[in-house]
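**Student:** Here you go, one structure.
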Amino acid sequence: MNFGTVGTGWITESFIKAAELSGQFQLRAVYSRTDEKAKKMAESYNADTFYTSIEEMAQSTEIEAVYIASPNSHHFEHALLFLKNKKHVICEKPIFSNKKELEQAFQTAKENGVFLFEAIRNIHTPNFAILKENLSKAGKLRSALLPYIQYSSRYDLYLKGEEPNIFSAAFSGGALVDLGVYPLFLAVGLFGEPQKVAYHPVKLRTGVDGSGTLIMEYDDFVCTIMCSKTSHSVIPCEIHGEAGTFVLPEAAPISKIQFIDSHTKESEYMGIWQEEQDMVYEATRFAEIIGTKDLKTYEELKKLSKIVIGITEEARRQNGIVFGTEKE
(Lines give C-alpha, C1' and ligand atoms only; values in the text may rest on other atoms or scores of the structure.)
Protein backbone atom coordinates (compact mmCIF):
# COMPACT_ATOMS: atom_id res chain seq x y z
CA MET A 1 0.00 0.00 0.00
CA ASN A 2 1.47 3.35 -1.02
CA PHE A 3 1.41 5.89 1.80
CA GLY A 4 2.51 9.36 2.76
CA THR A 5 3.42 11.02 6.04
CA VAL A 6 2.55 14.30 7.73
CA GLY A 7 5.17 15.39 10.25
CA THR A 8 8.95 15.03 10.33
CA GLY A 9 9.66 14.17 13.96
CA TRP A 10 11.18 11.01 15.40
CA ILE A 11 7.79 9.31 15.73
CA THR A 12 7.23 9.68 11.97
CA GLU A 13 10.61 8.15 11.26
CA SER A 14 9.78 5.27 13.60
CA PHE A 15 6.52 4.59 11.79
CA ILE A 16 8.23 4.71 8.39
CA LYS A 17 10.71 2.07 9.56
CA ALA A 18 7.92 -0.04 11.08
CA ALA A 19 5.79 0.23 7.95
CA GLU A 20 8.71 -0.92 5.81
CA LEU A 21 9.42 -3.78 8.24
CA SER A 22 5.79 -4.92 7.98
CA GLY A 23 6.15 -5.45 4.26
CA GLN A 24 2.68 -3.96 3.82
CA PHE A 25 3.51 -0.32 3.04
CA GLN A 26 5.64 1.63 0.59
CA LEU A 27 6.53 5.25 1.35
CA ARG A 28 5.75 7.47 -1.62
CA ALA A 29 5.38 10.99 -0.26
CA VAL A 30 6.14 13.18 2.73
CA TYR A 31 4.79 16.54 3.83
CA SER A 32 6.34 19.32 5.85
CA ARG A 33 5.60 23.02 6.04
CA THR A 34 9.19 23.78 5.02
CA ASP A 35 10.81 22.75 1.77
CA GLU A 36 14.09 21.87 3.49
CA LYS A 37 12.56 19.44 5.99
CA ALA A 38 10.28 17.82 3.42
CA LYS A 39 13.12 17.27 0.98
CA LYS A 40 15.44 15.90 3.65
CA MET A 41 12.83 13.40 4.89
CA ALA A 42 12.00 12.27 1.36
CA GLU A 43 15.65 11.73 0.50
CA SER A 44 16.36 9.91 3.77
CA TYR A 45 13.64 7.32 3.14
CA ASN A 46 13.60 7.19 -0.66
CA ALA A 47 10.16 8.75 -1.06
CA ASP A 48 9.26 9.69 -4.64
CA THR A 49 7.72 13.06 -3.80
CA PHE A 50 7.67 15.70 -1.10
CA TYR A 51 5.08 18.38 -0.49
CA THR A 52 4.84 21.70 1.31
CA SER A 53 1.15 21.94 0.40
CA ILE A 54 -0.92 19.48 2.42
CA GLU A 55 -3.94 20.06 0.17
CA GLU A 56 -1.89 19.04 -2.87
CA MET A 57 -0.67 15.92 -1.11
CA ALA A 58 -4.21 14.96 -0.09
CA GLN A 59 -5.30 15.12 -3.73
CA SER A 60 -2.42 12.97 -4.95
CA THR A 61 -3.31 9.74 -6.76
CA GLU A 62 0.06 8.27 -5.79
CA ILE A 63 -0.90 7.48 -2.19
CA GLU A 64 -3.70 5.36 -0.73
CA ALA A 65 -3.06 6.06 2.95
CA VAL A 66 -1.43 8.66 5.20
CA TYR A 67 0.22 8.59 8.60
CA ILE A 68 -0.40 11.81 10.55
CA ALA A 69 1.95 12.97 13.30
CA SER A 70 1.42 16.71 13.24
CA PRO A 71 0.85 18.62 16.53
CA ASN A 72 -2.17 17.21 18.42
CA SER A 73 -4.36 20.23 17.73
CA HIS A 74 -3.91 19.77 13.95
CA HIS A 75 -4.84 16.07 13.84
CA PHE A 76 -8.53 16.66 13.21
CA GLU A 77 -8.23 19.13 10.32
CA HIS A 78 -5.49 17.08 8.67
CA ALA A 79 -7.34 13.79 9.07
CA LEU A 80 -10.56 15.27 7.69
CA LEU A 81 -8.74 16.60 4.64
CA PHE A 82 -7.30 13.21 3.73
CA LEU A 83 -10.50 11.30 4.55
CA LYS A 84 -12.49 13.58 2.23
CA ASN A 85 -9.94 12.77 -0.47
CA LYS A 86 -10.60 9.07 0.10
CA LYS A 87 -7.32 8.24 1.81
CA HIS A 88 -7.05 5.81 4.70
CA VAL A 89 -5.78 7.67 7.78
CA ILE A 90 -3.51 6.41 10.54
CA CYS A 91 -3.37 9.18 13.14
CA GLU A 92 -0.81 9.19 15.93
CA LYS A 93 -2.15 9.19 19.48
CA PRO A 94 -3.92 11.13 20.89
CA ILE A 95 -6.08 10.86 17.79
CA PHE A 96 -8.10 14.07 18.37
CA SER A 97 -8.87 16.64 21.06
CA ASN A 98 -12.36 15.44 21.97
CA LYS A 99 -15.17 13.00 21.24
CA LYS A 100 -17.03 15.42 18.94
CA GLU A 101 -14.07 15.52 16.56
CA LEU A 102 -13.73 11.74 16.77
CA GLU A 103 -17.37 11.10 15.85
CA GLN A 104 -17.23 13.50 12.92
CA ALA A 105 -14.01 12.00 11.57
CA PHE A 106 -15.30 8.42 11.78
CA GLN A 107 -18.48 9.50 10.00
CA THR A 108 -16.41 11.18 7.27
CA ALA A 109 -14.33 8.00 6.88
CA LYS A 110 -17.51 5.95 6.50
CA GLU A 111 -18.98 8.35 3.93
CA ASN A 112 -15.83 8.13 1.83
CA GLY A 113 -15.33 4.37 2.08
CA VAL A 114 -12.00 4.53 3.92
CA PHE A 115 -10.61 3.55 7.33
CA LEU A 116 -9.47 5.73 10.22
CA PHE A 117 -7.12 4.37 12.89
CA GLU A 118 -5.53 5.67 16.07
CA ALA A 119 -1.87 4.69 16.24
CA ILE A 120 -1.41 3.34 19.76
CA ARG A 121 1.26 0.68 19.60
CA ASN A 122 1.01 -1.32 22.83
CA ILE A 123 -2.43 -2.89 22.27
CA HIS A 124 -1.39 -4.42 18.94
CA THR A 125 1.61 -6.35 20.21
CA PRO A 126 1.78 -10.13 20.70
CA ASN A 127 2.48 -9.65 24.42
CA PHE A 128 -0.71 -7.63 24.90
CA ALA A 129 -2.65 -10.53 23.36
CA ILE A 130 -0.85 -12.98 25.67
CA LEU A 131 -1.61 -10.85 28.73
CA LYS A 132 -5.27 -10.54 27.83
CA GLU A 133 -5.60 -14.26 27.16
CA ASN A 134 -4.03 -15.13 30.53
CA LEU A 135 -5.61 -12.39 32.66
CA SER A 136 -7.96 -14.88 34.33
CA LYS A 137 -4.94 -16.53 36.02
CA ALA A 138 -4.96 -13.64 38.48
CA GLY A 139 -8.42 -14.64 39.69
CA LYS A 140 -10.78 -11.94 40.87
CA LEU A 141 -9.17 -8.59 40.12
CA ARG A 142 -8.84 -6.18 43.03
CA SER A 143 -6.55 -3.39 41.85
CA ALA A 144 -4.15 -2.26 39.18
CA LEU A 145 -1.36 0.31 39.16
CA LEU A 146 -0.32 1.46 35.69
CA PRO A 147 2.28 4.26 35.66
CA TYR A 148 3.89 6.03 32.72
CA ILE A 149 6.20 8.63 34.23
CA GLN A 150 8.88 9.93 31.90
CA TYR A 151 10.75 13.22 32.13
CA SER A 152 10.42 15.23 28.93
CA SER A 153 13.40 17.08 27.50
CA ARG A 154 10.90 19.73 26.41
CA TYR A 155 10.12 20.40 30.06
CA ASP A 156 13.50 22.11 30.23
CA LEU A 157 12.23 24.56 27.60
CA TYR A 158 9.07 25.09 29.64
CA LEU A 159 11.16 25.87 32.73
CA LYS A 160 13.00 28.51 30.70
CA GLY A 161 9.70 30.25 30.04
CA GLU A 162 8.87 28.77 26.65
CA GLU A 163 5.68 26.88 25.75
CA PRO A 164 6.46 23.69 23.81
CA ASN A 165 3.50 22.14 21.96
CA ILE A 166 3.20 19.22 24.35
CA PHE A 167 2.86 21.59 27.32
CA SER A 168 0.44 23.92 25.54
CA ALA A 169 -3.36 23.99 25.75
CA ALA A 170 -3.36 25.69 22.35
CA PHE A 171 -1.83 22.53 20.86
CA SER A 172 -3.95 20.05 22.91
CA GLY A 173 -1.04 18.96 25.07
CA GLY A 174 -0.60 17.63 28.59
CA ALA A 175 0.62 14.51 30.36
CA LEU A 176 -2.62 12.51 30.27
CA VAL A 177 -3.22 12.73 26.53
CA ASP A 178 0.45 12.31 25.67
CA LEU A 179 1.70 9.59 28.05
CA GLY A 180 -1.37 8.58 30.05
CA VAL A 181 -3.06 7.17 26.96
CA TYR A 182 -0.63 4.24 26.93
CA PRO A 183 -1.73 2.78 30.30
CA LEU A 184 -5.26 4.02 29.57
CA PHE A 185 -5.53 1.96 26.39
CA LEU A 186 -3.94 -0.94 28.25
CA ALA A 187 -6.57 -0.70 31.00
CA VAL A 188 -9.57 -0.29 28.69
CA GLY A 189 -8.28 -3.05 26.40
CA LEU A 190 -8.03 -5.43 29.37
CA PHE A 191 -10.84 -4.35 31.70
CA GLY A 192 -13.31 -2.49 29.49
CA GLU A 193 -14.98 0.84 30.17
CA PRO A 194 -14.88 2.00 33.81
CA GLN A 195 -18.01 3.00 35.68
CA LYS A 196 -16.46 6.20 36.97
CA VAL A 197 -13.26 8.21 36.59
CA ALA A 198 -11.62 10.95 38.64
CA TYR A 199 -8.50 12.82 37.60
CA HIS A 200 -6.15 14.66 39.95
CA PRO A 201 -3.64 16.66 37.91
CA VAL A 202 -0.76 18.93 38.74
CA LYS A 203 -1.50 21.83 36.40
CA LEU A 204 1.12 24.05 34.81
CA ARG A 205 0.93 27.79 34.11
CA THR A 206 0.04 26.94 30.48
CA GLY A 207 -3.27 25.41 31.60
CA VAL A 208 -2.45 21.74 30.99
CA ASP A 209 -1.38 18.90 33.28
CA GLY A 210 2.32 18.27 33.74
CA SER A 211 1.45 15.15 35.73
CA GLY A 212 -1.57 13.52 37.29
CA THR A 213 -3.28 10.49 38.78
CA LEU A 214 -6.38 8.99 37.15
CA ILE A 215 -8.63 6.77 39.26
CA MET A 216 -10.82 4.36 37.28
CA GLU A 217 -13.55 2.55 39.22
CA TYR A 218 -14.88 -0.86 38.15
CA ASP A 219 -17.35 -3.22 39.84
CA ASP A 220 -15.00 -4.78 42.36
CA PHE A 221 -11.66 -3.11 41.79
CA VAL A 222 -9.90 0.17 41.11
CA CYS A 223 -7.32 0.91 38.46
CA THR A 224 -4.88 3.75 39.16
CA ILE A 225 -3.04 5.39 36.27
CA MET A 226 -0.13 7.73 37.01
CA CYS A 227 1.38 9.88 34.30
CA SER A 228 4.00 12.61 34.23
CA LYS A 229 6.26 14.50 31.87
CA THR A 230 7.93 16.46 34.67
CA SER A 231 9.68 13.61 36.51
CA HIS A 232 10.91 10.07 36.00
CA SER A 233 10.04 6.74 37.60
CA VAL A 234 11.03 3.09 37.32
CA ILE A 235 7.86 1.75 38.99
CA PRO A 236 6.52 -1.24 37.02
CA CYS A 237 2.90 -1.80 36.06
CA GLU A 238 1.05 -4.27 38.28
CA ILE A 239 -2.34 -5.95 37.99
CA HIS A 240 -3.45 -7.47 41.30
CA GLY A 241 -5.85 -10.39 41.58
CA GLU A 242 -6.74 -12.67 44.47
CA ALA A 243 -4.89 -15.57 42.82
CA GLY A 244 -1.85 -13.66 41.62
CA THR A 245 -0.22 -10.55 40.26
CA PHE A 246 0.92 -9.60 36.76
CA VAL A 247 4.00 -7.39 36.54
CA LEU A 248 4.97 -5.47 33.39
CA PRO A 249 8.13 -3.35 33.29
CA GLU A 250 6.25 -0.69 31.29
CA ALA A 251 2.86 -0.01 29.76
CA ALA A 252 4.56 0.48 26.41
CA PRO A 253 6.30 -1.47 25.13
CA ILE A 254 5.03 -4.60 26.86
CA SER A 255 8.45 -6.23 26.70
CA LYS A 256 7.96 -8.78 29.50
CA ILE A 257 5.11 -10.38 31.44
CA GLN A 258 5.68 -11.86 34.87
CA PHE A 259 3.00 -13.66 36.86
CA ILE A 260 3.50 -14.16 40.60
CA ASP A 261 1.25 -16.68 42.34
CA SER A 262 -0.32 -15.21 45.50
CA HIS A 263 -0.02 -18.45 47.47
CA THR A 264 3.24 -20.07 46.33
CA LYS A 265 5.01 -16.79 45.43
CA GLU A 266 6.41 -18.63 42.41
CA SER A 267 7.02 -16.59 39.25
CA GLU A 268 6.11 -17.48 35.69
CA TYR A 269 7.26 -15.55 32.64
CA MET A 270 4.94 -15.70 29.66
CA GLY A 271 5.87 -12.85 27.34
CA ILE A 272 7.63 -13.51 24.05
CA TRP A 273 10.34 -11.65 22.15
CA GLN A 274 9.01 -8.76 20.12
CA GLU A 275 10.47 -6.57 17.43
CA GLU A 276 12.34 -3.61 18.91
CA GLN A 277 10.51 -1.48 16.36
CA ASP A 278 7.17 -2.48 17.89
CA MET A 279 5.11 -0.09 15.77
CA VAL A 280 5.37 -2.83 13.15
CA TYR A 281 2.50 -4.65 14.85
CA GLU A 282 0.04 -1.77 14.51
CA ALA A 283 1.15 -1.14 10.92
CA THR A 284 0.58 -4.80 10.06
CA ARG A 285 -2.83 -4.90 11.70
CA PHE A 286 -4.03 -1.73 10.00
CA ALA A 287 -2.93 -3.06 6.60
CA GLU A 288 -4.72 -6.35 7.25
CA ILE A 289 -7.95 -4.62 8.26
CA ILE A 290 -7.87 -2.47 5.13
CA GLY A 291 -6.92 -5.36 2.86
CA THR A 292 -9.55 -7.77 4.14
CA LYS A 293 -12.16 -5.13 5.03
CA ASP A 294 -12.25 -6.58 8.55
CA LEU A 295 -15.07 -4.46 9.92
CA LYS A 296 -15.37 -6.48 13.14
CA THR A 297 -11.84 -5.67 14.29
CA TYR A 298 -12.19 -2.13 12.99
CA GLU A 299 -15.29 -1.55 15.12
CA GLU A 300 -13.49 -2.93 18.17
CA LEU A 301 -10.64 -0.46 17.68
CA LYS A 302 -13.10 2.39 17.11
CA LYS A 303 -14.81 1.52 20.39
CA LEU A 304 -11.51 1.58 22.28
CA SER A 305 -10.65 5.00 20.87
CA LYS A 306 -14.09 6.35 21.76
CA ILE A 307 -13.88 5.12 25.35
CA VAL A 308 -10.36 6.47 25.85
CA ILE A 309 -11.06 9.90 24.39
CA GLY A 310 -14.26 10.04 26.45
CA ILE A 311 -12.22 9.42 29.61
CA THR A 312 -9.57 12.03 28.79
CA GLU A 313 -12.26 14.56 27.91
CA GLU A 314 -14.08 13.92 31.20
CA ALA A 315 -10.79 14.15 33.11
CA ARG A 316 -10.11 17.53 31.54
CA ARG A 317 -13.68 18.71 32.19
CA GLN A 318 -13.31 17.91 35.88
CA ASN A 319 -10.27 20.14 36.10
CA GLY A 320 -11.01 22.98 33.75
CA ILE A 321 -8.40 21.96 31.18
CA VAL A 322 -9.66 23.43 27.92
CA PHE A 323 -7.83 22.99 24.62
CA GLY A 324 -7.46 25.80 22.13
CA THR A 325 -9.52 23.97 19.51
CA GLU A 326 -12.45 23.96 21.94
CA LYS A 327 -12.40 27.73 22.41
CA GLU A 328 -13.05 28.51 18.75
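The values are calculated or read from the model by the stated rules, or taken from the named source; none is laboratory data. Model, not experiment: these values are computed from the prediction. In this analysis, Cβ positions are derived from the backbone assuming ideal geometry, glycine residues included, and neighbour counts consider all displayed protein chains. The area values use the complete protein model at the heavy-atom level, side chains included, leaving out ligands, DNA and RNA. Shrake-Rupley method; radii C 1.70, N 1.55, O 1.52, S 1.80 Å.
**Student:** Of Val89, Gly207, Val177, which is farthest along the charge dipole of the chain in the positive direction, counting Lys and Arg as +1 and Asp and Glu as -1 at C-beta?
**Tutor:** Among Val89, Gly207, Val177, the one farthest towards the positive end of the dipole of the chain is Gly207.
**Student:** Glu242 to Glu276: extension gain in nm, 0.36 nm per residue of separation minus the Cα-Cα distance?
**Tutor:** 8.9 nm
**Student:** Check Ser143: other-chain or 5+ apart residues with amide H under 5 Å from its amide H, H built from backbone geometry?
**Tutor:** Those qualifying (amide H under 5 Å, at least 5 residues apart or on another chain) are Val222, His240.
**Student:** Could you give the size of the charge dipole of segment 192-322 about its Cα centre, using +1 on the Cβ of each K and R and -1 on the Cβ of each D and E, expressed in debye and rounded to the nearest 20?
**Tutor:** 760
**Student:** From the backbone phi of segment 229-243, what are the Karplus-calculated ³J(HN,Hα) couplings (6.51 cos²θ - 1.76 cosθ + 1.60, θ = phi - 60°) in whole Hz, Gly and Pro given as x?
**Tutor:** Result, rounded to whole Hz: 10, 10, 7, 10, 9, 10, 5, x, 7, 9, 10, 9, x, 5, 9.
**Student:** Would you mind telling me the antiparallel percentage of the DSSP bridges in the chain, rounded to 5?
**Tutor:** Percent antiparallel among DSSP bridges in the chain is about 55.
**Student:** A further question on this structure: Do any trypsin sites (Lys or Arg not before Pro) in segment 61-102 lie in a DSSP loop with no more than 14 other beta carbon atoms within 10 Å, and if so, which?
**Tutor:** Sparse-neighbourhood loop trypsin sites (Lys or Arg not before Pro): Lys86.
**Student:** Using r as the Cβ-Cβ distance of Lys86 and Thr297, and R0 as 35 Å, what FRET efficiency do you calculate, to the nearest 0.05?
**Tutor:** 0.95
**Student:** Can you return the aspartates and glutamates within cross-link range of Lys256? Criterion is Cα-Cα under 16 Å, with same-chain partners fewer than 8 residues away left out.
**Tutor:** Glu133, Glu238, Glu268, Glu275, Glu276, Asp278
**Student:** Under 23 Å between alpha carbons: how many lysine pairs meet that in segment 14-147, if sequence neighbours fewer than 8 apart on the same chain are excluded?
**Tutor:** Taking the Cα cut-off of 23 Å, the pair count is 22.
**Student:** What does the extension gain come out to for Asp220 and Lys110, with contour length at 0.36 nm per residue minus their alpha carbon separation?
**Tutor:** 35.8 nm
**Student:** Would you mind working out the magnitude of the charge dipole of segment 277-328 relative to its Cα centre, with +1 at each Lys and Arg C-beta and -1 at each Asp and Glu C-beta, to the nearest 20 Debye?
**Tutor:** Result for segment 277-328 is approximately 160 debye, rounded to the nearest 20.
**Student:** Post the alpha-carbon centroid distance, segment 291-310 to segment 141-206, in whole angstrom.
**Tutor:** A separation of 22 Å, based on Cα centres.
**Student:** At 222 nm, what helix-only mean residue ellipticity would the chain give, in deg cm²/dmol to the nearest 500, using -39500 (n - 2.57) for each DSSP H run of four or more?
**Tutor:** -11000 deg cm²/dmol
**Student:** Further, regarding this structure: Spelling out what I want: for every residue of segment 206-211, take phi, set θ = phi - 60°, compute 6.51 cos²θ - 1.76 cosθ + 1.60 (Karplus), and round to whole Hz; glycine and proline get x.
**Tutor:** Rounded to whole hertz, the list is 7, x, 10, 8, x, 7.
**Student:** Within segment 76-103, what residues put their amide N at less than 18 Å from the label point 7 Å along the Cα-to-Cβ vector of Thr61?
**Tutor:** Taking a point 7 Å out along Cα→Cβ of Thr61, the residues of segment 76-103 whose backbone N falls under 18 Å are 85-88.
**Student:** Separate question: Treat every Asp and Glu Cβ in the chain as -1 and every Lys and Arg Cβ as +1, leave all other atoms uncharged, and give the resulting dipole magnitude about the Cα centre to the nearest 20 debye.
**Tutor:** My answer is approximately 460 debye.
**Student:** Using 0.36 nm per residue, how much length does the chain from Ala170 to Lys39 gain when fully extended, once their Cα-Cα distance is taken away?
**Tutor:** So the extension gain works out to 44.3 nm.
**Student:** Then there's this: Give me the percent of accessible area attributable to carbon and sulfur for the chain, probe 1.4 angstrom.
**Tutor:** Reported share for carbon and sulfur atoms: 48 percent.
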